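The values are calculated or read from the model by the stated rules, or taken from the named source; none is laboratory data. Model, not experiment: these values are computed from the prediction. Here Cβ is always computed from backbone atoms with ideal geometry, including for glycine, and neighbour counts include all displayed protein chains.
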Amino acid sequence: MALGSSPSAGRAPSQLDRALGWFTKVEPGEGVGALLLSLEVCVLLCAYYVLKPVREALILASPSGAELKSYAAVGQIALLSAIVPGYSALVSRFDRGRLIRVVTLAFVGCLLGFYLFARFELPGLGLVFFLWVGVFNLMVVAQFWAFASDLYSKEQGERLFPIVAFGASIGAVAGSRLTSVLVDPLGIPQMMLVSAGLLLGALLLGELAEKRMGTGAAPEGGPSDAPKREAGAKGGQGGFRLVASSRYLLLIGLLMLLLNFVSSTGEFLLSSLVKKRAEAVASADVSTFIGEFYSDFYFWVNLGGVLVQLFVTPRLVQRFGVRVALLVLPVLALAGNLAISLLPILVIVRWTKTGQNALDYSLNNTVRNALFLPLTAQEKYKSKQVVDTVFVRAGDVLAAGLVFVGRELFDWPISAFALVNVVLGVLWLLVALRLGLAYQKQAPQ
């Protein structure tokens, strides 16, 4: 059983433990480890958000860039299907620390290579880099949460994951701000080097967390076995086979697929109405109107996510548990899409998506990662890469297919897409109910 940093009973809480205790229950000695993990995921998300505008600039500057971007999800899921088995082989071969070092340094090496390619303006770089970023952001974040769940027991993770996930919310905001400040003086290619430096910083923070938490004594009444030093036993099944052979993992995968199916379809509804409004009120400067709208939209999404993560998520999870917390987002999505189907106007779509995205980036992000806490190390590292990459992108692909069929073949109105999302929301809620029951029955490994 992987352990956190909680020491044996009798030790007084530090000032950091007391400070974090305002937001969730923190046992003596747990504060430093939770803070290190929060900083690590903050830096990881910052590295990704530094790359997002680089990705957009490179692909949109290429011929037919907008069309390539629309169809990139298909290429990403094909690429992930080929890479994930290789990652599973690394999990079986390497211990935890070496696995994370090898994968992180491989991504750093890729960024250095892309920097050189960008300097020489090689053709086709925009599409290749767009596909790579789609793999990078899913794999490094999935690996981080597998690492975090490997360090914590189930009980610790339920208490402390809200603090850890708060770092992700801050990292998204900080990365966006850092890019806006640096991209003009440094230029697009140099932002790849900035992201590579941030990845190395995240790796260092992970090493510190490993040293701090990997040797912690068991808390009173907790597991007494030695901390797990390896990602899993040598050999074993690959990630796809692990997921296919486990009803619990399949439920998690289906949850992620439905979540992204509904979310991506909702993004299409929002963008369609924003473009229509822009053409109606700002025909001479459509791009500026759209840019200002999304700037304000993302501000409220990120602000809402930070506030929910800090003040709502810890209390809701502690009081009602993971089982109930799983239901919050699908219920909100179901109600919001029902409202859109009855009154498909921009203001309703906008604030429905604001609430959904804010909850997804905060409460739901914490809860869905907690689902892996009771699993074995093999399942955490291998299956999480499958669930958080292939199933996520599969939801995006299904949403793209729905948009194509609805628009090109049947010319559906906004309300019709919202009704499809209502049906999907019912399925999502049913899966969440079943998964919550399954989570309660999972014995900690």
| query | Scanning for something in a helix (DSSP H, G or I), modelled with pLDDT of 90 or more and either assigned by TED's automatic domain parsing to the domain that holds Gly436 or under 21 Å from Val26 (Cβ atoms) (or both), does region 192-200 turn up at least one residue? | reply | no
| request: Tell me, please, whether a residue that is surrounded by fewer than 22 Cβ atoms within 10 Å (Cβ to Cβ), touching a Phe, Trp or Tyr at 6+ places or on another chain (Cβ under 8 Å) and among the polar types (S, T, N, Q) can be found in region 133-151. | output: yes
| said: So if I check each of Gly406, Gly401, Gly355, which one is small (Gly, Ala, Ser) and touching a Leu at 6+ places or on another chain (Cβ under 8 Å)? | reply: Gly355
| Quick one: which of Tyr115, Tyr87 is touching a Leu at 6+ places or on another chain (Cβ under 8 Å) and either assigned to a helix (DSSP H, G or I) or of a type in the set (Ser, Thr, Tyr) (or both)? | Tyr115
| query | Given Gly321, Gly304, which one is surrounded by 17 or more Cβ atoms within 10 Å (Cβ to Cβ) and not β-branched (Val, Ile, Thr)? | reply | Gly304
| request: Inspect region 281-296 for any residue being closer than 24 Å to Tyr439 by Cβ and assigned to a helix (DSSP H, G or I) and give the result as yes or no. | output: no
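Residues are listed down the side, and each one gets a yes or a no for (1) farther than 25 Å from Ile59 by Cβ; (2) polar (S, T, N, Q):
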{"site": "Val74", "(1), (2)": "no, no"}
{"site": "Ala82", "(1), (2)": "no, no"}
{"site": "Ser88", "(1), (2)": "yes, yes"}
{"site": "Phe94", "(1), (2)": "yes, no"}
{"site": "Arg98", "(1), (2)": "yes, no"}
{"site": "Arg101", "(1), (2)": "yes, no"}
{"site": "Phe129", "(1), (2)": "no, no"}
| Selected residue (only one of Val41, Val103 is at pLDDT 95 or above, among the aliphatic types (A, V, I, L, M) and surrounded by fewer than 24 Cβ atoms within 10 Å (Cβ to Cβ)) | Val103
| note | In region 369-412, anything under 20 Å from the mean Cα position of the chain (by Cα) and among the aromatic types (Phe, Trp, Tyr) is listed as Phe372, Tyr381, Phe391
| message | What's the total number of residues in region 380-406 that are β-branched (Val, Ile, Thr) and either within 29 Å of Ser153 (Cα to Cα) or not in a helix (DSSP H, G or I) (or both)? | response | 5
| Does Ala438 count as modelled with pLDDT of 95 or more, surrounded by 20 or more Cβ atoms within 10 Å (Cβ to Cβ), in contact with a Phe, Trp or Tyr (Cβ under 6 Å, 6 or more places away or on another chain) and within 24 Å of Pro314 (Cα to Cα)? | no
| said: What's the number of the only condition in (1) part of a helix (DSSP H, G or I); (2) over 22 Å from Ile252 (Cβ atoms) that Glu121 fails to meet? | reply: (1)
| said: Arg55 - would you say it is in contact with a helix residue (DSSP H, G or I) (Cβ under 9 Å, 6 or more places away or on another chain), exposed (fewer than 15 other Cβ atoms within 10 Å of the Cβ) and charged (D, E, K, R)? | reply: no
| message | Given the criterion surrounded by 23 or more Cβ atoms within 10 Å (Cβ to Cβ) and more than 25 Å from Val308 (Cα to Cα), identify the matching residue among Val386, Val405, Val367, Val397. | response | Val386
